[in-house]
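The values are calculated or read from the model by the stated rules, or taken from the named source; none is laboratory data. Bear in mind the structure is a predicted one, so any value in this text is a computation, not a measurement. We place every Cβ from the backbone using ideal geometry, glycine too, and count neighbours over all the protein chains shown. Calculation scope for accessible area: heavy atoms of the full protein, side chains included, ligands and nucleic acids excluded. Shrake-Rupley method; radii C 1.70, N 1.55, O 1.52, S 1.80 Å.
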Amino acid sequence: TADFCFGSSKFICKTKQEQTQKDFHAVLNAVDYQLHKDLVKGKNLTRKTNSIIYVGAVDEWFDFDLLEKISDEFKSHEIVVVGSAAPKVKAKFEQLVNSKSNIKFLGPKPYAEIPGLLASSSVGIIPFLSSKLIEGVSPLKLFEYAAQGLPVVSTFWEELEPFKENVFLARTQF
């Protein structure tokens, strides 16, 4: 009975439109660019040339094998993971972190610290497995990375296709 229907991704809108025969409008994630700039203002942060960062939850959609390959391929780079690990993947994630000296897990951080961590990194990654769940995601981290001027490398999914001019979308691991 709604007059206007919204979804958080194009995939969700398309799926719901097919199910309900109603028009759905995508409202993607975004970030407050000025807030990000204000949170790093005056901190004299230096962008590290060999720091890869992932900010977000680590759960069943996270590509552990890809993170391991990145760690092996870029041994001289520090890989920083900021966020929480879900209970069902925590042991697997901790085993990976403990086996790789260049992966640093910081755990969850207050949002006010995230822009500074991003501003001092050299690239932001989104290492997600392909799944229906991920197809329905508009990743906030994409916009957070962009607000700090980070190059972004992500596994491919259709939701990110419109950003292909600004995001390296990987269809294979290497």
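Listing for the model above:
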read-out	value
Heavy-atom accessible surface of the chain: percent carbon and sulfur, 1.4 Å	54
Protection proxy ranking, peptides 73-82, 17-26, 88-97, average beta carbon neighbours within 10 Å, highest first	73-82, 88-97, 17-26
Antiparallel %, DSSP beta bridges [both residues in the chain], to 5	5
Estimated inter-spin distance, F6 and F156, nm [label 7 Å along Cα→Cβ]	3.1
At 0.692 mPa s and 37 °C, Stokes D of the chain from Kirkwood alpha-carbon radius, µm² per second	190
Spherically averaged projected area of the stretch 1-84 from its Cα convex hull (nm²)	9.2
Given charges at Cβ of Lys, Arg, Asp, Glu: the stretch 72-174 dipole, positive-most of W157, P110, G136	P110
Point-to-point label distance, H25-E113, nm (Cα→Cβ direction, 7 Å offset)	3.9
Among 36-42, 162-168, the order from most to least packed when residues are scored by Cβ within 10 Å on average	36-42, 162-168
Residue among S99, S122, N29 farthest towards the positive dipole end of the stretch 1-132, charges placed on Cβ	S122
Sites K69 and K16 - FRET efficiency at Förster radius 25 Å, r taken between beta-carbons, to 0.05	0.10
